[in-house]
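Reading through the structure tokens given below for one structure.
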Amino acid sequence: MWRNSRFVKQYQKYGKKVKIINIVGARPNFMKIAPIMHVMQSDQAIHPLLLHTGQHYDFSMSGSFFSELNIPEPDINLEVGSMNHAKQLASIMEKFDDVCEEIKPDAILVVGDVNSTMACSLVAVKRGIKVIHVEAGIRSFDRSMPEEINRLVTDSVADLLLPPSRDAIENLVNEGHDTANIEMVGNIMIDTLLSSQQKIQQSDVLNKLQLESRKYVTLTLHRPSNVDNETNLKNIVAALDYIQKKMEIVFPVHPRTRKMIATFGLESRIKEMKNLKLIDPLGYFDFSRLVADSFFVLTDSGGIQEETSVQQIPCITLRDNTERPVTISVGTNELAGSDTGRIIKLADDIFANKWKKGGIPEMWDGKTALRILHAVKTHFS
Ligand code: UD1
């Protein structure tokens, strides 16, 4: 077990609040950090600060989540914006290093696997600041994914590893991590999904988009391996053409994907599909409601594989692998890659009602933030 002497002194002897900088950067971080900030804010021993790297900056990709999920305004925003990965990482690191110099936190807490997660972890470890990683240990074993590199690097420098599932513990142990630094806490995204149920039910997104419950399919697409690769994107579009002839598809479009549709000259092909509805990215409550009432979901997102499992909505994942295998073994998920024939076959299975019902993975119960708080306090004492 690791010990931070300053933390121990402050926490145990003087009861002084311990400074933890919680890091967010991109859309999938916001619903993870919300419940963690809330439990830390009401704890006597911890002084939580919130830092936004500014990796995502549009209102629809960032700001809307703060207001909806009642996340406090960040104490610091690095305002890095978009650029290529190496430059983005370097910019976050340089700016975050100055923040660490000024604030001298006892620890930082990072979530997930985006560039901001890895960049801030590297800065902290170089300064001897403890790193807590929520969602540790998940692996796709596909090093062509930027997120897989971010996961491996973050876990290799983290002091406290908080995996969401047993397969993730196994990966960490196989990589040689000390079990004393690993504590399974469950899935933090599900805390937000469960605590938001009332607001999700109140969303009028179906009316706004003129949709009938269970009579449409929801699609999300943004992975570089799908949208930056012309062949893969065209293969997926071909499958969408087949599916939209059977049922309307609603497609909240990620900014990266919108750009690549234009780059590959696919706009007119997509416009011809009368039953494929392109819309702007949605806020959290509206999107969760859209998913909850879908006939099924097509996605290449990581988090949506988990949310559909808990919502018991069939999910076809447009990837060849997943770092979240429990969504297949226990949940409602299946992999299709960008293979037109396989996507169509799986969609037809769902249309024919031949799909597993799925169950809820262990500890995906809405109590993960409390387990994180407990793990942090125990490991630092
Ligand atoms: C990032 C994460 C990915 C996560 C995804 C969710 C990494 C390596 N990737 O991918 O894990 O699933 O966020 O969205 O960290 N853009 C805007 N407005 C914004 C943000 C981005 O227009 O608010 C555009 C930018 O022009 C940028 C592109 O979208 O070039 C991609 O953004 P970026 O943050 O680089 O990666 P994502 O694809 O969003």
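The values are calculated or read from the model by the stated rules, or taken from the named source; none is laboratory data. Small disclaimer: the values here were computed from a predicted structure and weren't measured. FYI the Cβ positions are ideal-geometry reconstructions off the backbone, even for glycines, and counts take in every protein chain you see.
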Show the residue pairs that are 6+ apart or on different chains and have beta-carbon atoms under 7 Å apart, the first residue being within the range 134-162 and among the small types (Gly, Ala, Ser), the second being within 14 Å of the ligand (Cβ to nearest atom) and modelled with pLDDT of 95 or more. Ser140/Glu148; Ser140/Thr322; Ser140/Glu323; Ser144/Ser225; Ala158/Ser121
Just one of the numbered conditions (1) among the hydrophobic types (A, V, I, L, M, F, W, C); (2) within 16 Å of the ligand (Cβ to nearest atom); (3) in contact (Cβ under 8 Å) with a residue 24 or more places away in the chain is not true of Cys315; which one? (3)
Exactly one of Lys245, Lys259, Lys274, Lys199 is outside any helix (DSSP H, G or I) and either touching a Ser or Thr at 6+ places or on another chain (Cβ under 9 Å) or surrounded by fewer than 20 Cβ atoms within 10 Å (Cβ to Cβ) (or both), and that one is Lys274
Under the condition of being among the aliphatic types (A, V, I, L, M), within 14 Å of the ligand (Cβ to nearest atom) and in contact with a Phe, Trp or Tyr (Cβ under 9 Å, 6 or more places away or on another chain), which residue from the range 24-40 is nearest to Leu370 (Cα to Cα)? Met31
Of the residues Ser301, Ser294, which single one is hydroxyl-bearing (Ser, Thr, Tyr) and under 25 Å from Asp228 (Cβ atoms)? Ser301
If you go through the range 339-355 one residue at a time, do you hit one that is at pLDDT 95 or above, within 22 Å of Val310 (Cβ to Cβ), of a type outside the set (Val, Ile, Thr) and touching a Pro at 6+ places or on another chain (Cβ under 8 Å)? yes
Residue in the range 107-161 that is farthest from Val173 (Cα to Cα), counting only those that are part of a loop (DSSP other than H, G, I, E, B), away from the ligand (no atom under 16 Å from the Cβ) and of a type in the set (Gly, Ala, Ser): Gly128
Restricting attention to the range 9-23, which residues are aliphatic (A, V, I, L, M) and either within 16 Å of the ligand (Cβ to nearest atom) or at pLDDT 95 or above (or both)? Ile20, Ile21, Ile23
Criterion violated by Ile360 - all others in (1) within 15 Å of Asn232 (Cβ to Cβ); (2) hydrophobic (A, V, I, L, M, F, W, C); (3) assigned to a loop (DSSP other than H, G, I, E, B) satisfied: (1)
Qualifying position, being buried (at least 23 other Cβ atoms within 10 Å of the Cβ) and among the hydrophobic types (A, V, I, L, M, F, W, C), among Ala180, Ala124: Ala124
Could you check the range 346-362 and list, in sequence order, the residues that are surrounded by fewer than 18 Cβ atoms within 10 Å (Cβ to Cβ) and either in contact (Cβ under 8 Å) with a residue 60 or more places away in the chain or of a type outside the set (Asp, Glu) (or both)? Phe351, Ala352, Asn353, Lys354, Trp355, Lys356, Lys357, Gly359, Ile360, Glu362
Does at least one position in the range 121-129 carry a residue that is under 30 Å from Asp280 (Cα atoms) and polar (S, T, N, Q)? no
Take Pro35 and tell me if it is surrounded by 20 or more Cβ atoms within 10 Å (Cβ to Cβ) and either hydroxyl-bearing (Ser, Thr, Tyr) or more than 19 Å from the chain's Cα centre (by Cα) (or both). no
Can you pull out the residues in the range 41-72 that are away from the ligand (no atom under 15 Å from the Cβ) and free of Cβ contacts under 8 Å to residues at least 12 places away in the same chain? Ser42, Ser67
Per the filter on the range 126-180, residues over 20 Å from Ile23 (Cβ atoms) and more than 20 Å from the chain's Cα centre (by Cα) are Glu170, Val173, Asn174, Glu175, Gly176, His177, Asp178, Thr179, Ala180
Single residue of Leu51, Leu89, Leu78 found to be over 18 Å from the mean Cα position of the chain (by Cα), buried (at least 23 other Cβ atoms within 10 Å of the Cβ) and within 28 Å of Met145 (Cα to Cα): Leu78
When you check Thr192 against the structure, is it surrounded by 20 or more Cβ atoms within 10 Å (Cβ to Cβ), in a helix (DSSP H, G or I) and touching a strand residue (DSSP E or B) at 6+ places or on another chain (Cβ under 7 Å), yes or no? no
Answer yes or no as to whether Glu94 is at pLDDT below 95 and over 17 Å from the mean Cα position of the chain (by Cα). no
Total residues in the range 44-66, condition over 17 Å from Ile92 (Cβ atoms), in contact with a helix residue (DSSP H, G or I) (Cβ under 6 Å, 6 or more places away or on another chain) and not in a strand (DSSP E or B): 2
Name the single residue that is farthest from the ligand (Cβ to nearest atom) among those in the range 73-94 being free of Cβ contacts under 8 Å to residues at least 24 places away in the same chain and not in a helix (DSSP H, G or I). Glu73
